[in-house]
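Structure first, commentary second.
The values are calculated or read from the model by the stated rules, or taken from the named source; none is laboratory data. Keep in mind that what you see is a predicted model, and the values were worked out from it rather than measured. Using ideal geometry, Cβ is built from the backbone for each residue, glycine included, and neighbour counts are taken over all protein chains shown. These accessible areas exclude ligands, DNA and RNA; they are computed on the full protein's heavy atoms, side chains included. Shrake-Rupley method; radii C 1.70, N 1.55, O 1.52, S 1.80 Å.
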Amino acid sequence: MTRARLSVDLDALAANHDFLARLTGRPVQPVVKADAYGLGAEACVTRLMQAGARTFFVARLVEGLALREAMGPTPVIYVLDGCTAGAAAALREPDLRPVINHGEQLARWLEAGGGACGLHIDTGMNRLGFRPEQAPATFPGLELVISHLACADEPDSPMNRQQRDTFAAVRGHYPDIPASFANSGGCFLGPDYAFDAVRPGISLWGGGPEGRPDPRIRPVATFSAPILQVRPVPVGESVGYARGKVADQPLTVATVGAGYADGVMRATSPRGQVFVAGQLRPILGRISMDALAVDVTGLDVVEGDRVELFGPNRPIDDAARDTGTIAYELLTSVGSRVDRTYTG
Ligand SMILES: *Cc1c(COP(=O)(O)O)cnc(C)c1O
C-alpha cells in the first residue's frame, strides 16, 4: 500500500500493559477513549483482554456502544461522560456503566432504575466529578470510585500529593468500593497513588509518562508515509506554499504523501523532522494538505521509500514537542484516510 499508514504493534501494547501492571502491582484498566487514542479500539481492546485487562474506560456513550457491539458482553465498560441527559436507557440496555459526575446525573441514573456504575470525585482539577464535600452517600450499584490527577506528568508538583490525600480521605466514605486514581503519569508516582486499580491511557499507547520518551515504555504506533517524488532544487528556488523554504545550497527534496489532512499538523514546520534512510532529516517549508517536503540531500532514496513521522526511530514525544503539542494530540489527529495496520 503506497499511502500514509499508522502501524500498531500489538505486542508492544501488551508489553506496556504488563509493565504498568508490574510497576503498580494493580490491575490495569485501560482508557480507550477516542478509538483508543486513534489506534483502533477493537484491535487494541482485543489484545489488552488477551493480556488480562477486563475493565475499560471510554469518554462518550457512542464510544461505549461501539465497543460493546465490537467486543460482546465480557468487558466491563465505563463511560466517563456519565449519565448525560437522556442517556440512561441507552447505557443500561448494553450494560455500559456511567461514571456519575454530579447530582443531576445520579438522580437520572437512579430514576431510570440504576445499576452498576462508577462515581467521579473531583479532587482539584475542576473538570468533572463531585466536589469532595458534596460527595454523595454510597448507593446501590456503586462499583468504582475514581478521581483524576491534573499534574501527573510533573512528578514534583505539590498538586499530586494534595489530590492524592483528598482522594484517600473521600474514598473512606466508600470503604468497600474499589478506588481508581492513577492515569499513566500517576502509575509512576509510587505505591501511594495506586489504590485498587490503575487507569492509564497514553503510556499503553507508547507515550512517556512525563511527555518525553521513557525507556520502560515501548513505542506502539508508527506513522509513516511514502515518498511520491524526488527532485533537485537549485539555489535560489523555493519549496512549497509561500516559498516556505528557499534553497541556499543545492538541495534534493523528497515530496512525501502525508499532510495536515492526514494529521501532520501545520505547526510541525519549521522544527519538524522525519526518519528517512536511517537518518533524521528536516521537514522543509509549509505542510500542505496532502504532502510535505523533506531535505534528503545526499541520501539514496527513491519514489516509494517510506519516511517515519513517529515511531521507534522518531519517538512520538519528540515529534510532539517539535510541533508544540503532546503525544495525545498527535495520535488522536491521525486522519481517517490513513491506513491502519496491526502487527503482533
Ligand atoms: C484520559 C483519562 C485518563 C488517561 O490518562 P493518560 O494521561 O492518557 O494516562 C484517565 N482518567 C481519566 C478520567 C481520563 O480522562
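The criterion of at least 3 residues that are open to solvent by less than 10 Å² (accessible area, probe 1.4 Å) is met, among helices (runs of 4 or more DSSP H) falling completely within region 1-104, by 10-24, 41-50. For region 113-127, state whether one or more residues are among the hydroxyl-bearing types (S, T, Y) and either more than 24 Å from P191 (Cβ to Cβ) or loosely packed, with under 14 Cβ neighbours inside 10 Å (or both). No, every residue in region 113-127 fails to be among the hydroxyl-bearing types (S, T, Y) and either more than 24 Å from P191 (Cβ to Cβ) or loosely packed, with under 14 Cβ neighbours inside 10 Å (or both). Filtering region 171-183 to residues that are touching a residue at least 40 places away in the same chain (Cβ under 8 Å) and open to solvent by less than 10 Å² (accessible area, probe 1.4 Å) leaves Y174, S180, A182. Here is a check on your reading of the model: is Y260 farther than 16 Å from A225 by Cβ, aromatic (F, W, Y) and open to solvent by 40 Å² or more (accessible area, probe 1.4 Å)? Considered against the rule, which asks whether it is farther than 16 Å from A225 by Cβ, aromatic (F, W, Y) and open to solvent by 40 Å² or more (accessible area, probe 1.4 Å), Y260 comes out as no. Restrict the check to region 288-308 and report whether at least one residue is assigned to a loop (DSSP other than H, G, I, E, B) and within 17 Å of the chain's Cα centre (by Cα). So far as region 288-308 goes, no, none of its residues is assigned to a loop (DSSP other than H, G, I, E, B) and within 17 Å of the chain's Cα centre (by Cα). The one condition from (1) hydrophobic (A, V, I, L, M, F, W, C); (2) under 28 Å from C44 (Cβ atoms); (3) buried (at least 21 other Cβ atoms within 10 Å of the Cβ) that A293 does not meet is (2). Of all residues in region 152-169, those satisfying the criterion of being in contact (Cβ under 8 Å) with a residue 12 or more places away in the chain, open to solvent by 10 Å² or more (accessible area, probe 1.4 Å) and farther than 20 Å from G25 by Cβ are D153, E154, M159, Q162, T166, A169.
When you check P140 against the structure, is it outside any loop (DSSP other than H, G, I, E, B) and more than 24 Å from A51 (Cβ to Cβ), yes or no? So P140 fails the test. Can you find a residue that is within 16 Å of the ligand (Cβ to nearest atom) and at pLDDT 95 or above anywhere in region 85-95? No, because not a single residue in region 85-95 is within 16 Å of the ligand (Cβ to nearest atom) and at pLDDT 95 or above. Contact map, region 189-217: residues that are free of Cβ contacts under 8 Å to residues at least 40 places away in the same chain and outside the structural domain of L23 (by TED's automatic domain parsing) paired with residues that are assigned to a loop (DSSP other than H, G, I, E, B) and surrounded by fewer than 24 Cβ atoms within 10 Å (Cβ to Cβ), Cβ distance under 6 Å, separation 6+ or inter-chain. Pairs shown: D214/G208.
Residue-by-condition table, conditions (1) within 15 Å of the ligand (Cβ to nearest atom); (2) open to solvent by less than 30 Å² (accessible area, probe 1.4 Å); (3) not in a helix (DSSP H, G or I):
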position	(1), (2), (3)
G185	yes, yes, no
W205	yes, yes, yes
G208	yes, yes, yes
P215	no, no, yes
F223	no, yes, yes
P226	no, yes, yes
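With respect to Q134, is the statement that it is among the polar types (S, T, N, Q), over 23 Å from the mean Cα position of the chain (by Cα) and in the same structural domain as D18 (by TED's automatic domain parsing) true? It is true that Q134 is among the polar types (S, T, N, Q), over 23 Å from the mean Cα position of the chain (by Cα) and in the same structural domain as D18 (by TED's automatic domain parsing). Comparison of L119, L128, L149 shows that the only residue that is under 21 Å from T55 (Cβ atoms), touching a strand residue (DSSP E or B) at 6+ places or on another chain (Cβ under 7 Å) and assigned to a loop (DSSP other than H, G, I, E, B) is L128.
Only residues that are among the hydrophobic types (A, V, I, L, M, F, W, C) and more than 12 Å from the ligand (Cβ to nearest atom) were counted in region 190-203, giving 2.
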